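The values are calculated or read from the model by the stated rules, or taken from the named source; none is laboratory data. What you are looking at is a predicted structure, and each value in this text was computed from that prediction instead of being measured. Every residue, glycine as well, gets a Cβ built from its backbone with ideal geometry; the counts of neighbours run over all protein chains shown. The area values use the complete protein model at the heavy-atom level, side chains included, leaving out ligands, DNA and RNA. Shrake-Rupley method; radii C 1.70, N 1.55, O 1.52, S 1.80 Å.
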Number of protein chains: 2
Amino acid sequence: MGKVKVGIIGIGSMGKQYVLMLDQGQAAAAELAAVCTASESRAQWVKDNTNNAVQIYHDANDFFNDPEIDAVIIARPHYDHPELAMKAFASGLHVLIEKPAGVYTKNVLEMNDAAKKSGKVFGIMYNQRTNPLYQKLRELIHSGEIGEIKRTNWIVTHWYRPQSYYDSSKWRATWEGEGGGVLLNQAPHQLDLWQWICGMPKKVEAHLHYGKWHDIEVEDDVTAYVEYENGATGVFITTTGDACGTNRFEIQLDRAKIIAEYGKLSVWELEMGEQEFSRTNKVPFGCPKATQIEVELDGKNEQHVGVLNAWAAAILRGEPLVADGREGINGLMLSNAMHLSSFLGREVELPFDEQLFKDELMKRVATSRRKAASEAVFADTSGTYGGK
Amino acid sequence: MGKVKVGIIGIGSMGKQYVLMLDQGQAAAAELAAVCTASESRAQWVKDNTNNAVQIYHDANDFFNDPEIDAVIIARPHYDHPELAMKAFASGLHVLIEKPAGVYTKNVLEMNDAAKKSGKVFGIMYNQRTNPLYQKLRELIHSGEIGEIKRTNWIVTHWYRPQSYYDSSKWRATWEGEGGGVLLNQAPHQLDLWQWICGMPKKVEAHLHYGKWHDIEVEDDVTAYVEYENGATGVFITTTGDACGTNRFEIQLDRAKIIAEYGKLSVWELEMGEQEFSRTNKVPFGCPKATQIEVELDGKNEQHVGVLNAWAAAILRGEPLVADGREGINGLMLSNAMHLSSFLGREVELPFDEQLFKDELMKRVATSRRKAASEAVFADTSGTYGGK
């Protein structure tokens, strides 16, 4: 096998970007072989915007049965990810799915099971994991040298979207089309990074506000409180309603404090662990000395191209993925737990009842407000991934 | 009347500081005339540390009936504030109480009523209100020019206390002695400033952890979520367990974002209100332009001396107080609501049932763990007021 021959299903905002990246050779180990879209205008867009020969399918079954493709990128709306991934595995294809892994964990578990049985390479587009900032943050914490986590706090309110964004496609920000709002569309990156760096909590209590800043039926404002197994607490705040938002991630540990903000890591290390100091010190207003240490961030943030290249290298040579597709369930479990907590008006323990969540979601889908026909707009998403 | 002749009741950590401030003439319009303490060693401390003649009382009734004093500072433990203030008003004295106003709002309401009926000057030691940072922040928001508040977020975890602090007096950090932990002792300043700047919320849901970082029976770790009348949300996080804590107050408004951190205000102003932009803009990823503006902070942070001087000037010449004693109930109502939410395991609407709160508190007082006799230590509190 020379290059991985890739098919893309779903030619919306993200699918178009993958078409361009692959056709232009940005991911050296992969090349575009086929696309699948039901839309004539999007098929035409692919013809108009590619230099190399690309097979165009309108039917998913034909697409998945194309013997020329080795692997597929699934860039259809969230609900379709598990079903299409399972079709792909059944056809012997490697898979890369867009985030989120799906809309509810019940069928994502089935997808993960199918992935495992297939033995194929399964990745998920968590492009923010390629950011040296979060890689370094994770490395510091996972080293264990700065002690246990005591408190996590992520204010991630820099996902501003005006009403016209929501009006740009019918499926956006509906229960039926996306199964949620900011938690399903914008914040999945941070939900993933949060658990990738700090681990999964065991309890979630969330306050969601639906259509608070926009004329939409799903949440556009979230404040969630969590507790971890070791007793640590956490807060996660996100919205698409703050025009001058914040992206500030603070983690308190027994021996250090770390703040990721403005694209850099600020680290303060304590001369000794706080709990040990508290037990042994005799001065009522004593405090262990903290020293700010310099942290160098190495490497380039390769984002989507980095994820694509790692996925192709995993297929060709068994190299590690940026994000294993099966880990996609973690961020989704967080977002589902936040929704479920809001639906039920109480705290939710993880793992929650997956069927209960699906039932609650489907109640909302059943009465989902269909949007008035609006022109699909090819929105320019460059610079909107919150990588800063 | 030349200078206001002041009596101080309660010669603990704070009382001693007021003795020194007044005896040394730091508050020009007031002078120390008398103190009241049941403790022989504290009476001796006053004799040893004052240059001017000071009448020493061991009995509160004698103290309040001293015809030589015009006004009293109440620096006894929190529970005693309302009762002693009412005794003082009944004796025709002006009053300045230490924060918090009391431990439960039921008797604080009675105190406020007595203050009103007395016609005397009634102040509360919210020394952080003298900070030009918070004054400017309040002025910006109250001007109305940057729109309605959308979100408030205060991480105020810089109140570190080691175990030896809690071991330094028997009354500290017990239900019986303080009626709470960080919310009653350290955070009252920020609870007051939060409401002074942003107004009172209508709903509170709080997660309190009791004795999480210390061997104490009260809370030393708090995460509270609130909602305001206009739909805005807020988060308040405080603890005495973070050795390298944070003091970061962020407010999102329709036309601006403000962050108070590291002793300065960072302000970003939007070219137009977010809600108006969202309604009128046609670009899916459009965002109103934000400009960072310089804010100059004028004036000195006079802290306790500033509060004392304003109180004396209010008595002598009717000038405005830094903080009206009757406003003390607001911060206490926030802290009571957080406790009540935690006691009941549910969200609490304001105003809550004051008797219910008192009953719940008294259950805990009834089983309060008396501490093994520990030496009272004159802890040096300078530099611990979180004024940074």
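Pairs of Cα atoms in the protein assembly as shown fall into 20 Å distance bins, from 0 up to the last occupied one, in shares of 16, 44, 27, 11, 3, 0 percent.
The angle separating the long axis of helix A:105-118 from the principal Cα axis of greatest extent in chain A is about 70 degrees. The alpha carbons of segment B:206-269 occupy a box of 46, 29, 9 Å along the principal axes, longest dimension given first.
Residue ranges A:283-289, A:68-74 sort as A:68-74, A:283-289 when ordered by packing (mean number of other C-beta atoms within 10 Å per residue, highest first). The alpha-carbon atoms of segment A:97-160 define a convex hull whose volume equals 167 cubic angstrom per residue.
Legend: mean number of C-beta atoms from other chains within 10 angstrom of residue C-beta atoms, peptide B:244-251, equals 5. Accessible surface ranking for A:Lys47, B:Lys358, 1.4 angstrom probe, highest first: A:Lys47, B:Lys358. A:Trp196 exposes around 40 Å² of accessible area when a 1.4 Å probe is run over every protein chain in place.
Computed from the C-beta positions of A:Lys202 and B:Asp59 and an R0 of 45 Å, the FRET efficiency is 0.25 to the nearest 0.05.
With a simple spin-label model that places each label point 7 Å from the Cα along the Cα-to-Cβ direction, the separation between A:Asp215 and A:Arg369 comes to 0.9 nm.
For segment B:263-283, heavy-atom accessible area (probe 1.4 Å) falls by no less than 20 Å² from the chain alone to the full protein assembly at B:Trp268, B:Leu270, B:Glu274, B:Gln275, B:Ser278, B:Asn281.
Accessible area per residue (1.4 Å probe, heavy atoms of protein chains only) ranks B:Lys264, A:Lys300, A:Lys150, A:Lys106 as A:Lys300, B:Lys264, A:Lys106, A:Lys150, with the largest value leading. Classify segment A:20-69 as rounded, prolate or oblate from the Cα gyration tensor: take a ≥ b ≥ c as the square roots of its eigenvalues, call it rounded if a/c is under 1.5, otherwise prolate when a/b beats b/c and oblate if not. Judged from the Cα gyration tensor, segment A:20-69 comes out oblate (a/c at least 1.5, b/c at or above a/b).
Qualifying GluC sites (Glu not before Pro) in segment B:267-374, where qualification requires a DSSP coil assignment and no more than 10 other C-beta atoms within 10 Å, comprise B:Glu294, B:Glu296. Taken one residue at a time, the phi angles of segment B:156-168 give Karplus couplings (6.51, -1.76, 1.60, θ = phi - 60°) of 10, 10, 9, 9, 4, 9, x, 4, 4, 4, 5, 7, 7 Hz. Gly and Pro are set to x.
Which one of B:Phe122, B:Tyr228, B:Ile155 has its Cα pushed farthest toward the positive end of the charge dipole of segment B:96-255, where Lys and Arg give +1 and Asp and Glu give -1 at the Cβ? The listed residue farthest towards the positive side: B:Phe122. A label point on B:Gln24, set 7 Å along the Cα-to-Cβ line, lies at 6.7 nm from each of its counterparts in the other copies, closest listed first. Computed from Cα atoms, the angle from the helix B:328-344 axis to the main principal axis of chain B rounds to 70 degrees. Our helix-only sum for chain A, with -39,500 (n - 2.57) per DSSP H run of n ≥ 4 divided by its residues, gives a mean residue ellipticity at 222 nm of -10000 deg cm²/dmol. For segment B:264-368, the fraction of 1.4 Å probe accessible surface lying on carbon and sulfur atoms is 47 percent. Among the protein heavy atoms, those of A:Met200 account for about 60 Å² of accessible surface (1.4 Å probe, every chain in place). Note on A:Thr105: accessible area approximately 0 square angstrom, rounded to 10, probe 1.4 Å, nucleic acids and ligands left out. About the centre of its Cα atoms, chain A shows a dipole size close to 120 debye [charges on the beta carbon of Lys, Arg (+1) and Asp, Glu (-1) only; nearest 20 debye]. If only the Cβ of Lys and Arg carry +1 and only the Cβ of Asp and Glu carry -1, the dipole of the protein assembly as shown around its Cα centre is close to 60 debye. Projecting the Cα atoms of B:Ile11, B:Ala60, B:His81 onto the dipole axis of segment B:1-138, where Lys and Arg carry +1 and Asp and Glu carry -1 at the beta carbon, places B:His81 farthest toward the positive end. If you wrap the Cα atoms of segment A:294-357 in a convex hull and average its projected area over all directions, you get 7.6 nm². Residue by residue along A:139-146, Cβ atoms of other protein chains within 10 Å of the local Cβ number 0 on average.
Taking the Cα atoms of chain A, the ratio Rg/Rh between the radius of gyration and the Kirkwood radius comes to 0.99. Measuring nothing but alpha carbons in segment A:120-274 and taking Rh as the Kirkwood radius, the Rg to Rh ratio lands at 1.01. In chain A, the DSSP beta bridges split such that about 60 percent are antiparallel, to the nearest 5. Beta bridges assigned by DSSP with both partners in the protein assembly as shown are antiparallel in approximately 60 percent of cases. Across q = 0.09 Å⁻¹, segment A:1-106 modelled as identical point scatterers on its alpha-carbon atoms has Debye log10 I(q)/I(0) values of -0.19, in the order of the q list. Expressed as a whole percent, the accessible area of segment A:1-128 that falls on carbon and sulfur atoms is 44 (1.4 Å probe).
For B:Asn65, inter-copy separations between label points set 7 Å beyond Cα along the Cβ vector come to 10.5 nm, shortest first.
Under 18 Å of direct C-alpha separation, and excluding same-chain neighbours fewer than eight residues apart, B:Lys358 reaches these lysines: B:Lys106.
Summarising the label geometry, the points placed 7 Å from Cα in the beta-carbon direction at B:Asn52 and B:Arg138 lie 2.8 nm from one another. Taking Cα atoms only, the orientation of helix B:81-90 departs from the longest principal axis of chain B by about 60 degrees. Excluding same-chain neighbours fewer than eight residues apart, the aspartates and glutamates reachable from B:Lys150 by a Cα-Cα span under 16 Å are A:Glu219, A:Asp220, A:Asp221, A:Asp242, B:Glu227, B:Glu229, B:Glu250, B:Asp254, B:Glu269, B:Glu274, B:Glu276. Among the GluC sites (Glu not before Pro) found in segment A:143-185, those both in a DSSP coil and sparsely packed, with 16 or fewer other Cβ atoms within 10 Å of their Cβ, are A:Glu145, A:Glu148. For the peptide A:204-212, the mean number of other protein chain Cβ atoms found within 10 angstrom of a residue's Cβ is 2. Ordered from largest to smallest accessible area (heavy atoms of protein chains, 1.4 Å probe), the residues A:Arg317, B:Arg369 come out as A:Arg317, B:Arg369. Basic side chains Lys and Arg get +1 at the Cβ, acidic Asp and Glu get -1 at the Cβ, and with that the dipole of segment B:6-154 about its Cα centre reaches some 660 debye.
Interface area, chains A and B: about 4900 Å² of buried accessible surface, summed, with a 1.4 Å probe and ligands, DNA and RNA left out.
Legend: calculated FRET efficiency, A:Lys282 to B:Lys116, from the Cβ-Cβ distance at R0 = 35 Å, rounded to 0.05, equals 0.15. Full extension of the chain segment joining B:Asp353 with B:Trp171 gains 62.9 nm, where the gain is 0.36 nm per residue of separation less the Cα-Cα distance. Computed over protein heavy atoms with a 1.4 Å probe, the accessible surface of segment B:120-227 works out to 24 Å² per residue. Based on C-alpha pairs under 8 angstrom that are at least 6 apart in sequence, segment A:205-302 has a relative contact order of 15 percent. Pairs from the list B:Lys5/B:Lys87; B:Lys116/B:Lys202; B:Lys136/B:Lys257; B:Lys99/B:Lys120; A:Lys5/A:Lys87 with a Cα-Cα gap above 22 Å: B:Lys116/B:Lys202.
Take B:Gly231, push a point 7 Å out from Cα through the beta-carbon direction, and compare it with the same point in every other copy: 4.1 nm, smallest first. Taking θ as phi - 60° and the Karplus parameters 6.51, -1.76 and 1.60, the scalar couplings of segment A:39-54 work out to 8, 5, 5, 6, 4, 5, 4, 5, 4, 6, 10, 10, 9, 9, 5, 10 Hz in sequence order, x denoting glycine and proline.
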